[in-house]
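Asker: Sharing a structure below in structure tokens format, with a few things to ask.
The values are calculated or read from the model by the stated rules, or taken from the named source; none is laboratory data. This is a predicted model, so every value here is computed, not measured. Reconstructed Cβ throughout: ideal geometry from the backbone, glycine too, with neighbour counts over all protein chains shown.
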Amino acid sequence: MKNANILVVEDESIVAKDIQSRLRKFGYYVPAIASTGEEAINKVAENHPDLVLMDIRIKGDMDGVEAAKEIHERFNVPIIYLTAYADANTLARAKVTQPFGYILKPFKERELQTTIEITLSRHEMERKLKENQQWLTTVLKSIGDAVITTDSNGKVTFMNTVAEALTGWQQADALGSAVTEVFNIALSERIITQVLNSGVSVGLEEQTALVSKNGVEIPIENQSAPIKDEQGNTKGVVFVFRDITKRLQAEEEREKLVQQLARLNTDLERQVQERTTQLQKSLGFEAVLKRIADKVRDSLDEKQILQTAVRELALSLNVGSCHASLYNLEQDTATVCYEHTTAMPSSDGRVLQMAEFPELYARLLQSQCFQFCPLASNPMGGQAAMLVCPMSDDRGLLGDLWLLHRTTYAFNNLEIRLVQQVANQCAIALRQARLYQAVQAQVEQLETLNRLKDDFLSTVSHELRTPVANMKMAIQMLKVAAGSPEKTQRYLEILQAECSRETELINDLLDLQRLEAASYPTFLAESINLLERLPKIIDPFRSRIQQRQQLLKVDIPNDLPPIISDSASLERVLAELLNNACKYTPAGEQIALTASAKEEKIQLQVSNSGVEIAASEMSRIFEKFYRIPRADRWKQGGTGLGLALVKKLAQHLGGTIEVDSGSNLTVFTVELPMKLPVH
């Protein structure tokens with residue numbers, strides 16, 4: 001074995017160098033030379049040599065035999081002893097270390113090389129043999145059957161864990177024992193003799209009992225075979241056996257099942273007859289379901305859907321009463337929409353509070369279908385059976401179906417399944433009807449929005465053209481009145497007013513668009529003294545109020561605290577509300593502005609008497625482009641953007657706006673935080 005690493009342990013340096021030289025000549029590699037036992041052990045740990053040449057007598061506290069023993073135990077490296085002489089005691093100690101050879105000094109090169117090659121080859125063969133033995137042992141231990149092997153004398157040489165479990169013997173205790181003692185079955189000795197003599201496999205009769213070490217009898221199935229060497233000589237016996245307790249139990253169970261089958265066969269004809277009856281009934285129910293499905297599928301009327309389902313169920317199942325309810329889960333109520341009854345007054349329109357029947361509706365809200373017999377007296381008198389089934393789809397619960405039988409009765413699976421399928425069909429049809437209604441509402445809403453858009457475009461076009469026409473006329477009049485300073489000044493004022501009007505309209509449109517798109521300019525937070533600022537906001541409206549013979553009332557307490565907000569937006573909100581009040585307040589009625597502090601908030605109210613907003617209009621006044629029909633008594637005009645803009649501005653200031661109208665009075669209330677929130 002060329003290129004092998006060989007460690008030389010020799011305390012005479014000249015001899016060690018000579019051995020190293022010879023080994024290199026043979027083609028071996030000498031990684032190190034050690035002169036003491038301790039050094040030899042360390043060198044083996046460092047270099048992992050393939051072989052150690054060990055002088056028995058070396059200097060130090062540890063001689064070659066002791067060093068070889070530790071090297072053999074720790075590293076499993078083959079050792080060849082080098083010695084000039086040795087007494088009997090030393091040789092006896094050396095044998096314990098299982099050396100691979102001895103070489104007497106002086107030695108010949110050929111002798112040294114031959115011994116080394118034989119040692120390396122033998123060590124490799126032993127290593128492979130050990131691996132094969134370990135592999136075979138692992139395989140035998142891992143298979144599912146129990147395995148016991150013996151030598152030619154019937155002594156146990158191996159047993160796997162399954163065999164240990166069945167026999168009650170541990171391998172360490174069983175090795176070397178007679179197999180008849182460990183594998184305790186009838187005729188075991190005869191079987192061994194038969195296998196050894198005949199050299200063929202032998203099987204046991206079924207239900208052979210194995211007596212374990214603790215006396216428990218276990219039924220087994222066994223196969224015995226000879227173990228032969230390469231020349232075909234029988235060297236032992238292998239027993240392979242398994243516990244058949246479960247198989248015997250299964251056979252016993254099978255016998256019981258055969259007997260049960262015989263008994264069941266006597267009932268088969270009766271069951272077939274019953275099944276035929278059920279199938280006929282099922283076909284009838286299928287026809288009912290198809291009839292209901294066909295009728296409700298094409299209907300978009302919720303009442304008609306429920307009437308069809310309830311009537312068909314009541315007649316098909318011959319129940320005394322059947323009704324359908326629809327849920328309002330926000331109010332926790334169930335309303336009976338339609339009932340078909342033959343024995344009691346109809347409960348159409350009855351509203352049930354779910355809280356009054358918590359256990360019942362708890363199960364329905366979990367989409368459970370169930371039947372029960374009410375303990376309390378029922379409207380039909382006497383005992384009765386009820387079946388309740390929810391109408392639900394993947395989007396939630398819609399309602400339920402109730403069926404009441406006149407007598408004590410248990411609804412069977414076919415009937416329950418029919419009711420469940422009808423409930424599912426109703427849920428689909430109801431959802432379809434509601435979807436259609438929602439689409440219709442959306443269509444109407446889109447038509448309304450389209451009409452509002454047309455009205456808005458018409459209004460905006462008119463509002464945009466009017467100032468332009470007035471400015472055009474004022475320019476023409478300026479040309480005519482060029483020599484009159486008074487007329488010139490008057491027409492210039494008209495030009496300025498109409499130009500401002502045009503600018504304000506365009507600004508309203510742009511501001512509303514920016515507020516909705518969240519691109520409105522950043523608010524400038526500043527401290528605002530409302531005692532000073534509110535009168536300035538009101539002043540521009542005083543002359544208009546006076547001209548229209550309206551009354552103005554301002555109520556601002558002297559202790560009103562300042563507010564940190566955006567003054568321009570606040571002024572815009574109040575100005576728009578005051579402008580609306582002027583527009584809709586009749587002559588002789590009052591416009592009022594009040595302010596107050598309330599829990600870290602400022603409340604501003606603009607009210608006007610003599611006018612009310614209809615309840616049908618209240619939810620729409622903050623919509624874009626919307627104007628209350630025929631309410632502009634002063635023909636002031638507008639785009640319908642004012643209140644929409646006010647609401648958006650109030651929200652951006654961190655506040656709210658609400659309206660209340662009644663008793664000939666309309667009040668707009670704006671609540672703003674004392675400090676503008678950070679956007």
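Asker: In segment 8-37, what count of residues is obtained for those that are surrounded by 18 or more Cβ atoms within 10 Å (Cβ to Cβ) and over 21 Å from Val65 (Cβ atoms)?
Answerer: 4
Asker: Keeping to segment 221-258, report how many residues are more than 50 Å from the chain's Cα centre (by Cα) and not in a strand (DSSP E or B).
Answerer: Number satisfying all stated conditions: 5.
Asker: Filter segment 60-75 down to the residues that are outside any helix (DSSP H, G or I) and closer than 19 Å to Ile103 by Cα and list them by number.
Answerer: Asp63
Asker: Please count how many residues of segment 551-606 are farther than 17 Å from Ile537 by Cβ and among the hydroxyl-bearing types (Ser, Thr, Tyr).
Answerer: Adding up the residues that qualify gives 2.
Asker: Separate question: Can Leu397 be described as at pLDDT 85 or above, in contact with a Pro (Cβ under 7 Å, 6 or more places away or on another chain) and either assigned to a strand (DSSP E or B) or farther than 25 Å from Gln307 by Cβ (or both)?
Answerer: Yes; evaluated as a whole, the condition is true for this residue.
Asker: Considering segment 515-536 alone, what residues qualify as being assigned to a loop (DSSP other than H, G, I, E, B) and modelled with pLDDT of 65 or more?
Answerer: Leu524, Ala525, Asn529
Asker: Does Arg548 qualify as being in contact (Cβ under 8 Å) with a residue 60 or more places away in the chain and over 25 Å from Lys648 (Cα atoms)?
Answerer: Spelling it out, Arg548 is indeed in contact (Cβ under 8 Å) with a residue 60 or more places away in the chain and over 25 Å from Lys648 (Cα atoms).
Asker: Can you report the number of residues in segment 145-170 which are in a helix (DSSP H, G or I), of a type outside the set (A, V, I, L, M, F, W, C) and surrounded by fewer than 18 Cβ atoms within 10 Å (Cβ to Cβ)?
Answerer: 1
Asker: Right, another one. Suppose the filter is loosely packed, with under 15 Cβ neighbours inside 10 Å, under 18 Å from Ile416 (Cα atoms) and of a type outside the set (Ser, Thr, Tyr); does Leu315 pass it?
Answerer: yes
Asker: Report the residue count in segment 203-220 for those that are outside any strand (DSSP E or B) and modelled with pLDDT of 80 or more.
Answerer: Residues that pass the stated criteria total 5.
Asker: If you go through segment 270-286 one residue at a time, do you hit one that is part of a helix (DSSP H, G or I), of a type in the set (Val, Ile, Thr) and at pLDDT 75 or above?
Answerer: The answer is no, given that none of the residues of segment 270-286 is part of a helix (DSSP H, G or I), of a type in the set (Val, Ile, Thr) and at pLDDT 75 or above.
Asker: Follow-up. Does Asn184 satisfy the criteria of being surrounded by 18 or more Cβ atoms within 10 Å (Cβ to Cβ), assigned to a loop (DSSP other than H, G, I, E, B), at pLDDT below 85 and within 60 Å of the chain's Cα centre (by Cα)?
Answerer: Against the criterion (surrounded by 18 or more Cβ atoms within 10 Å (Cβ to Cβ), assigned to a loop (DSSP other than H, G, I, E, B), at pLDDT below 85 and within 60 Å of the chain's Cα centre (by Cα)), Asn184 qualifies.
Asker: Under 60 Å from the mean Cα position of the chain (by Cα) and at pLDDT 85 or above - does that describe any residue in segment 8-20?
Answerer: no
Asker: Still on this structure: Of (1) under 59 Å from the mean Cα position of the chain (by Cα); (2) assigned to a loop (DSSP other than H, G, I, E, B), Gln549 satisfies all except one. Which?
Answerer: (1)
Asker: Right, here's the next one. Looking only at segment 73-99, how many residues end up being more than 60 Å from the chain's Cα centre (by Cα), at pLDDT 65 or above and among the hydrophobic types (A, V, I, L, M, F, W, C)?
Answerer: Residues meeting the conditions: 4.
Asker: Answer yes or no: is there a residue in segment 313-323 that is in contact with a Pro (Cβ under 9 Å, 6 or more places away or on another chain), on the phi > 0 side of the Ramachandran plot and among the polar types (S, T, N, Q).
Answerer: Scanning segment 313-323 turns up no residue that is in contact with a Pro (Cβ under 9 Å, 6 or more places away or on another chain), on the phi > 0 side of the Ramachandran plot and among the polar types (S, T, N, Q).
Asker: For segment 598-631, name all the residues that are among the acidic types (Asp, Glu), surrounded by fewer than 14 Cβ atoms within 10 Å (Cβ to Cβ) and modelled with pLDDT under 85.
Answerer: Glu599
Asker: Condition first: within 37 Å of the chain's Cα centre (by Cα), at pLDDT below 75 and not in a loop (DSSP other than H, G, I, E, B). Can you find one or more residues in segment 297-309 that meet it?
Answerer: Yes, because at least one residue in segment 297-309 is within 37 Å of the chain's Cα centre (by Cα), at pLDDT below 75 and not in a loop (DSSP other than H, G, I, E, B).
Asker: Which members of segment 60-82 meet the condition of being out of contact with any helix residue (DSSP H, G or I) (no Cβ under 6 Å at 6 or more places or on another chain), touching a residue at least 12 places away in the same chain (Cβ under 8 Å) and within 18 Å of Arg127 (Cβ to Cβ)?
Answerer: Hits for segment 60-82 are His72, Arg74.
Asker: Filter segment 382-420 down to residues that are buried (at least 20 other Cβ atoms within 10 Å of the Cβ) and among the charged types (D, E, K, R) and give me whichever is nearest to Cys369 (Cα to Cα).
Answerer: This residue is Asp400.
Asker: For segment 373-381, check the following and say yes or no: at least one residue is farther than 30 Å from Asp294 by Cβ and either aromatic (Phe, Trp, Tyr) or assigned to a helix (DSSP H, G or I) (or both).
Answerer: no
Asker: How many residues, within segment 555-572, are surrounded by fewer than 17 Cβ atoms within 10 Å (Cβ to Cβ), out of contact with any helix residue (DSSP H, G or I) (no Cβ under 6 Å at 6 or more places or on another chain) and aliphatic (A, V, I, L, M)?
Answerer: Qualifying residue count for the region: 2.
Asker: Follow-up question, since we're still on this one. Search segment 43-57 for residues being more than 60 Å from the chain's Cα centre (by Cα) and surrounded by fewer than 21 Cβ atoms within 10 Å (Cβ to Cβ), and hand back the single one that is farthest from Ser13 (Cα to Cα).
Answerer: Among residues in segment 43-57 that are more than 60 Å from the chain's Cα centre (by Cα) and surrounded by fewer than 21 Cβ atoms within 10 Å (Cβ to Cβ), the one farthest from Ser13 (Cα to Cα) is Lys43.
Asker: Then there's this: Identify, by number, the condition in (1) modelled with pLDDT of 85 or more; (2) under 21 Å from Thr333 (Cα atoms) that Arg417 doesn't meet.
Answerer: Arg417 satisfies all of (1) modelled with pLDDT of 85 or more; (2) under 21 Å from Thr333 (Cα atoms) except (2).
Asker: Return yes or no: is Leu560 more than 16 Å from Ala592 (Cα to Cα) and modelled with pLDDT of 85 or more?
Answerer: For Leu560, the condition - more than 16 Å from Ala592 (Cα to Cα) and modelled with pLDDT of 85 or more - is met.
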